[in-house]
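We did not get these values from a lab; they are worked out from the coordinates using the rules stated. Fair warning: this is a prediction, and the values are worked out from it, not measured in the lab. Cβ atoms come from the backbone with ideal geometry, glycine included; neighbour counts cover every protein chain shown.
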Amino acid sequence: MRGPRACPSGALGGTSANPANSWRLSRLRRPANTSRSSCATRRCTAGSTPTNRIPSSPSRPRRRPPSLPPRRPGRPPKHQSKRRPGSRNTPTPKKVSRVPLEPTTERFRAHRVEHFTESVIREMTRLALRHSAVNLAQGFPDFPAPAELKEAATRAIEEDFNQYAVTWGAKPLRDAIAAKYLRHYALELDPETEITVVCGSTEGMIASLLATTNPDDEIVIFEPYYENYGPDADLCSAKRRYVTLHAPDWTFDPDELRAAFNSKTKAIIVNTPNNPTGKVFTRTELELIAELCQEHDALCITDEIYEHILYDGAVHVPVLTLPGMRDRTILVNSMSKTFSVTGWRVGWVLAAPHLTTSIRKVHDFLTVGAATPLQQAGAFALSLPDKYFIDLAVHYAERRDYLMGLLRVAGLAPYRPAGAYYIMSDIKSIGYSDDVLLSRHLVETVGVACVPGGSFFSRQGLGSHLIRFCFCKKYETLEEAGRRLQRAFRGAAD
Ligand SMILES: Cc1ncc(COP(=O)(O)O)c(C=O)c1O
């Protein structure tokens, strides 16, 4: 087995989900018969104070703050009785029943968020912290971001790039994005009308959907899927239609895809390389998707955040480059994964001018813009030589192989990803059939956090035989996780 290795400098310096599963995890943390609201009620009624309001002291007269204007003479304040207390015929003060208001009353919960639950992936990160577990759940690197990028960001702040940039992105970054796509895909883009800089792919996706869909439009999503797409569709009141990706190579049935398209289909979301499966969609598969989009007058919204993390000769094909797709594709991407800066929140959306106009309107009112100095550093990052991008894939391929080996030795049955930095594993081989129970056992007892597979599916029960690990971590981290897993399951594997 390989020993711990220092993080290579340069290329490697560096989430989602089924609501049904999120409730499953949360429910496991509380006694079964205690709901969130009943906990809140108990908090309010426990002890002698009926509410959490501070009781007013009867001995201290209330003083009127000096800043208030004097009261008009002859008119008692509304809340005071006109009769003097103690006088005859003093009416018994009416009992006003004050029901303490819960902050989560129905009144203030918009229908569009009714079914939202906490992201399972981010919840797993919190559990990992609580139980000091090795976090192989959330896809963020635990090694440093490239030094030259950090210097570029520091320089930008010192050179006073500290005020709002143009809302659709600082010119140097838009120019660098255009140059990058020309260099890597021979794709010509107009930085003035086809590129919008946003706060990460997360904003790019929701801004694109808000800009192009209407309530009751349908959106086709491949399942398992990155958890944000569900809530994104819900925020637009759009209906989701799922098409299954089948293990072990996560292919889909072309007839099932065809059947998912109809006159209500507004868009299909394609995430390639894919989280959580590691699938890289082939040109042939993408051509079928393109054909269906054209046949049904639908958009293809591509999430290409792992475009440079490819293994075993896999090739990334942006749908935007396919014939007939220039005007009906929206490409979403960001710096997060390629440059190991998931916290920077700098991304971009590429689309034809008629789409970009609407996307920019949503973006402007949602966030105004991404952080100005980090946009400057982004321009620097995108201009790094090809070697940076090649090394990135090579280093991640080594980590993939390393973790695959560790998981196998522990008795799990991992699926080999062709891209991105996640490994889906079958848990039946270690005698488990419930992803949530196993994930909970792993984080609390074994000390390794992963993501239950059901989080990436729309319906409860789907994916319950899977868990997902990420390997965008230092070798020491991966090795420690492997050691803990092997200690826990070696017996089951033998
Ligand atoms: C497929 C996919 N899209 C988008 C994101 C989030 O991207 P960003 O950090 O650019 O918002 C992630 C993060 O894990 C992801 O896996």
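How do the peptides 334-347, 421-434 rank, highest first, by the average count of neighbouring beta carbon atoms within 10 Å per residue?
On the way: 334-347: 23.4, 421-434: 19.1.
By packing density, highest mean first, the sequence is 334-347, 421-434.
When the gyration tensor of region 375-476 is built from Cα positions, what are the square roots of 5 times its three eigenvalues, in whole Å, from largest to smallest? Mind dumping the intermediate values first?
Numbers: eigenvalues 191, 51, 31 Å².
Over the Cα atoms of region 375-476, the semi-axes work out to 31, 16, 12 Å.
Hey, can you grab everything whose amide H is under 5 Å from the amide H of Trp348? Only 5+ residues off in sequence or another chain; H modelled, so Pro and N-termini drop out.
The list, which skips near neighbours in sequence, is Val198, Asn333, Ser334.
Which of Ser433, Ala379, Ser336 sits farthest toward the positive end of the charge dipole of region 300-439, with +1 on the Cβ of Lys and Arg and -1 on the Cβ of Asp and Glu?
Ala379
Normalising by the residue count of region 163-384, find the relative contact order in percent from Cα pairs under 8 Å and 6+ residues apart.
Numbers: 432 pairs, mean separation 66.4, N = 222.
Worked out over region 163-384, it gives 30 percent.
Through the Karplus equation 6.51 cos²θ - 1.76 cosθ + 1.60, θ set to phi - 60°, convert the phi angles of region 146-156 into ³J(HN,Hα) values in whole Hz; use x for Gly and Pro.
Whole-Hz 3J(HN,Hα) from phi for region 146-156: x, 4, 5, 6, 5, 5, 4, 5, 4, 4, 5.
Can you give me the C-alpha center-to-center distance between region 291-347 and region 348-398, rounded to a whole angstrom?
Distance between centres, Cα-based: 12 Å.
About its Cα centre, how strong a charge dipole does region 281-361 have in debye, to the nearest 20, once Lys and Arg get +1 and Asp and Glu get -1 at the Cβ?
Approximately 500 debye in magnitude.
Quick one: work out Rg over Rh on the C-alpha atoms of region 163-384, Rh as Kirkwood radius. Present the calculation step by step, with values, prior to reporting the outcome.
Values: Rg = 16.3 Å, Rh = 17.3 Å.
Ratio of gyration radius to Kirkwood radius for region 163-384: 0.94.
Is the shape of region 293-347 best called rounded, prolate or oblate, per the rule: a/c under 1.5 gives rounded, else a/b larger than b/c gives prolate, else oblate, with a ≥ b ≥ c the square roots of the Cα gyration tensor eigenvalues? Working shown, then result.
On the way: a/c = 3.61, a/b = 1.63, b/c = 2.22.
Since a/c reaches 1.5 but b/c is at least a/b, the shape of region 293-347 is classed as oblate.
Just the Cα atoms of region 410-453: what Rg and Dmax do they give in Å?
Radius of gyration, then largest Cα-Cα span, for region 410-453: 10.7, 31 Å.
Return the FRET efficiency for the residue pair His184, Arg490: r is the Cβ-Cβ distance, R0 is 51 Å, and the value is rounded to the nearest 0.05. Present the calculation step by step, with values, prior to reporting the outcome.
Values: r = 44 Å, r/R0 = 0.87.
The pair His184/Arg490 has a calculated efficiency of 0.70.
Fewest first, what order do Thr282, Thr212 take by the number of other Cβ atoms within 10 Å?
Numbers: Thr282 15, Thr212 21.
With the sparsest Cβ surroundings first, the list reads Thr282, Thr212.
For Ile330, enumerate residues with amide H under 5 Å from its amide H, sequence gap 5+ or separate chain, H modeled in the peptide plane.
Amide H to amide H, under 5 Å and 5 or more residues apart or across chains, Ile330 pairs with Cys300, Ile301, Thr302.
Highest first, please rank the peptides 221-229, 477-485, 320-328, 405-413 by the mean number of other Cβ atoms sitting within 10 Å of their residues. Write out the running numbers ahead of the final one.
Working: 221-229: 24.3, 477-485: 21.3, 320-328: 16.6, 405-413: 19.7.
Ranked from most to least packed, the peptides come out as 221-229, 477-485, 405-413, 320-328.
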